[in-house]
Amino acid sequence: MSTKVLIIIPTYNEAERISQTLLDLSLIGKSLAGEFEIDILHVDDNSPDGTAQIATSLSLANFHQILRPGKGGLGPAYIAGFKWALARDFQIVVEMDADGSHLATELPGLLRSLDGAGLVIGTRWITGGSVVNWPWYRQLISKVGTRYAQIALQLPFRDLTSGFRAFTRETLANIPLDRIQSKGYGFQIELVMQASQSGSTIKEFPITFFERTVGRSKMTYRIALEALAMITKWGIQKRLRLGIFRR
């Protein structure tokens with residue numbers, strides 16, 4: 001019996017890339033038939049460039065869509081998708097970007113790596129992982145952000161900001177989604193922290209990350225600083241719980 005998988009694709013103004021991303025996933029999904037049953041959930045934040053309309057015009061099988069009223073951030077978009085998945089019988093839920101930075105061809109390896117784990121993180125900064133055409137400053141933000149989070153939150157994983165990952169249903173169900181605080185890219189770090197605290201086994205799978213060739217990145221220095229502030233807050237809270245700051 002096939003394992004039911006939901007791939008969540010959040011978007012805001014991805015009209016130039018959404019068709020190729022969805023078509024690539026549809027093709028990979030067909031190749032995995034019998035092992036995995038792939039559905040796609042597109043969560044769009046009222047993109048003014050018509051992303052949502054382009055996606056539905058493809059008339060893909062096993063395609064679903066959530067239309068949100070406005071630009072609410074990455075975290076709330078994913079949480080809407082997670083709740084949608086948990087209300088149905090999906091056994092695996094995947095996060096994936098729409099901008100072409102994540103390869104659909106790496107989806108089978110990511111899914112198969114879940115064997116014995118509750119979360120698999122698609123990781124750029126381990127053996128076998130790489131980045132292509134990514135500006136040096138983006139690489140620096142990613143590496144420094146992950147290293148700081150590793151130290152502050154005592155998490156050993158090498159790519160805490162990665163947005164290509166797979167969860168089991170059980171792991172997602174054990175994360176208090178209504179208490180997630182982050183809206184931007186700190187959301188990815190918070191999810192790993194919550195999964196780790198719930199006792200889930202977490203693995204890493206090497207991926208190749210491509211810099212987008214069309215559209216504009218949503219990453220800003222303000223988002224990076226917001227994530228830094230949240231990590232610091234969580235790190236202090238963790239140490240207070242463990243009594244590290246007590247004499």
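The values are calculated or read from the model by the stated rules, or taken from the named source; none is laboratory data. Model, not experiment: these values are computed from the prediction. Cβ sites come from the backbone with ideal geometry, for glycine too, and all protein chains shown count toward neighbours.
Could you please find all residues in the stretch 199-217 being surrounded by fewer than 21 Cβ atoms within 10 Å (Cβ to Cβ) and of a type in the set (Val, Ile, Thr)? Walk me through how you get there before you give the answer.
Residues of the stretch 199-217 surrounded by fewer than 21 Cβ atoms within 10 Å (Cβ to Cβ): 199-203, 206, 208, 210-217.
Residues satisfying the conditions are THR201, ILE202, THR208, THR213, VAL214.
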Conditions (1) in a helix (DSSP H, G or I); (2) of a type in the set (D, E, K, R); (3) within 17 Å of the chain's Cα centre (by Cα) -> ARG147 fails only (3)
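Quick check on the stretch 199-228: of everything there that is of a type in the set (A, V, I, L, M) and modelled with pLDDT under 85, which residue is farthest from LEU160 (Cα to Cα)?
Restricting attention to the stretch 199-228, the residues satisfying the condition of being of a type in the set (A, V, I, L, M) are 202, 207, 214, 219, 223-225, 227-228.
After this cut, where a residue has to be modelled with pLDDT under 85 as well, the list is 214, 219, 223-225, 227-228.
On the way: VAL214: 25, MET219: 15, ILE223: 15, ALA224: 13, LEU225: 16, ALA227: 12, LEU228: 13 Å.
Top of the filtered list is VAL214.
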*Could you say whether any residue in the stretch 119-134 is in a loop (DSSP other than H, G, I, E, B), modelled with pLDDT under 95 and either buried (at least 22 other Cβ atoms within 10 Å of the Cβ) or polar (S, T, N, Q) (or both)?*
yes
Can you spot a residue in the stretch 231-247 that is crowded, with 18+ Cβ neighbours inside 10 Å, in contact with a Phe, Trp or Tyr (Cβ under 8 Å, 6 or more places away or on another chain) and either modelled with pLDDT under 95 or over 30 Å from LEU25 (Cα atoms) (or both)?
yes
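Residue-wise test of (1) buried (at least 17 other Cβ atoms within 10 Å of the Cβ); (2) touching a Ser or Thr at 6+ places or on another chain (Cβ under 7 Å); (3) more than 23 Å from GLY122 (Cα to Cα).
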residue	(1), (2), (3)
THR11	yes, yes, no
ALA15	yes, yes, yes
THR21	yes, no, no
SER26	yes, no, no
LYS30	no, no, no
GLU37	yes, yes, no
ILE40	yes, no, no
PRO48	no, no, yes
ALA52	yes, no, yes
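Can you name the residue in the stretch 60-103 that is aliphatic (A, V, I, L, M) and free of Cβ contacts under 8 Å to residues at least 60 places away in the same chain and is also surrounded by the fewest Cβ atoms within 10 Å (Cβ to Cβ) among such residues? Spell out the reasoning first.
The initial filter retains those residues of the stretch 60-103 that are aliphatic (A, V, I, L, M), namely 60-61, 66-67, 74, 77, 79-80, 85-87, 92-94, 96, 98, 103.
Still in the running and free of Cβ contacts under 8 Å to residues at least 60 places away in the same chain: 60-61, 66-67, 80, 87.
Numbers: LEU60: 17, ALA61: 10, ILE66: 17, LEU67: 12, ALA80: 19, ALA87: 8.
Applying the filter and picking the extreme gives ALA87.
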Would a scan of the stretch 191-198 turn up a residue that is among the polar types (S, T, N, Q), crowded, with 19+ Cβ neighbours inside 10 Å and assigned to a loop (DSSP other than H, G, I, E, B)? no
Note on the stretch 106-118: residues in contact with an Asp or Glu (Cβ under 9 Å, 6 or more places away or on another chain) and surrounded by fewer than 19 Cβ atoms within 10 Å (Cβ to Cβ) are PRO108, ARG112, SER113
